[in-house]
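The structure appears below as structure tokens.
The values are calculated or read from the model by the stated rules, or taken from the named source; none is laboratory data. Please read these numbers as outputs of a predicted model, since none were measured by experiment. Cβ coordinates were reconstructed from backbone atoms using ideal geometry, including for glycine residues, and neighbour counts include every protein chain displayed. Only protein heavy atoms, including side chains, enter the accessible area calculation; ligands, DNA and RNA are left aside. Shrake-Rupley method; radii C 1.70, N 1.55, O 1.52, S 1.80 Å.
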Amino acid sequence: MTVAVSVTSQGTPGILAAPAGGPGWGRGCALISFLMTAAVAGPLSAAEPITLPSGVDVQFHDWIDDTPAQRFRFVLPGLGQGGKGFDDLAEGMTYLCDQFALPQLEINGVTPSQITVTLMEKPVEFGAMNPDVTQFFESYTVENGLCIWEVF
């Protein structure tokens, strides 16, 4: 089952729609909306930035439960430009996995085997190709409560 969770800029739950014809993963898509409690920044809100170790602020966009994998997506305007390149943000993506995604999953009783962290220049519909929007992806195996980087 696939679950997509988002939080609007007002901090209220939102619902994400699957692309036409389904999400494209070969499984049905259940859309569930609820407000999560963040271990890093209190209740999740798109209005509350998360500061990465590099000092760059990102905004939580959505969490997609594609069990057993979990996907957490964040928005960072100017991604790929001055000081916001992949090398500048790789440590921050691991931080988001360890300090944001794992605590959220624990709070919600989800035990993942894999977490994917996505940084997007601006929101993109999940699964949609948009060559005009820079996106970075990192995948992590979860073992003993830690995010372990997977080399693609």
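Points worth noting:
- Residue count for region 49-69, restricted to those that are under 14 Å from ILE115 (Cβ atoms) and of a type in the set (Ser, Thr, Tyr): 1
- When GLU143 is tested against (1) within 24 Å of VAL56 (Cα to Cα); (2) open to solvent by 60 Å² or more (accessible area, probe 1.4 Å), only condition (1) is not met.
- ASN130 on the phi < 0 side of the Ramachandran plot, more than 13 Å from the chain's Cα centre (by Cα) and at pLDDT below 95: yes
- Looking only at region 56-87, residues that are out of contact with any Lys or Arg (no Cβ under 6 Å at 6 or more places or on another chain), small (Gly, Ala, Ser) and in contact (Cβ under 8 Å) with a residue 40 or more places away in the chain come to 2 in all.
- Residue satisfying condition, being of a type in the set (Val, Ile, Thr) and either touching a His at 6+ places or on another chain (Cβ under 8 Å) or open to solvent by less than 30 Å² (accessible area, probe 1.4 Å) (or both), within set THR94, THR111, THR118, THR67: THR118
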